[in-house]
Amino acid sequence: MNEKETKLKQVRKAKGLTQRELAEATGMSLRTLQHLERGARDLNQAAALTVYAIAKALGVEMTELLDIPDEENPEEE
């Protein structure tokens, strides 16, 4: 993964969606989505409903979008 490319951006691109399409599917503004993708806003600190809406629109689990330490190897994070 490109260090500047967030998980959110990776998943969105893999699903073949534009930022505008994902923003419309989630009901959030394009600007907010852009900030989340750039890391200007931390998705890990976003409201649960925001993360849920994005995950639902992408057809993935919320945990696929978040930086959650691996419980078996916490030192790796």
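Output the residue which, of all residues in the range 35-61 that are among the aliphatic types (A, V, I, L, M) and within 11 Å of Lys7 (Cα to Cα), is surrounded by the fewest Cβ atoms within 10 Å (Cβ to Cβ). Checking each candidate, the answer is Leu43. Note on the range 8-27: among residues that are under 11 Å from the mean Cα position of the chain (by Cα) and surrounded by 16 or more Cβ atoms within 10 Å (Cβ to Cβ), the one that is nearest to Ala57 (Cα to Cα) is Leu22. Which of the following residues is more than 15 Å from Leu65 (Cα to Cα) and hydroxyl-bearing (Ser, Thr, Tyr): Thr18, Thr6? The unique qualifying residue is Thr18.
No value in this document is a laboratory result; all are computed from the given coordinates. Remember, it's a predicted structure, so these values are computed and weren't measured experimentally. Cβ atoms come from the backbone with ideal geometry, glycine included; neighbour counts cover every protein chain shown.
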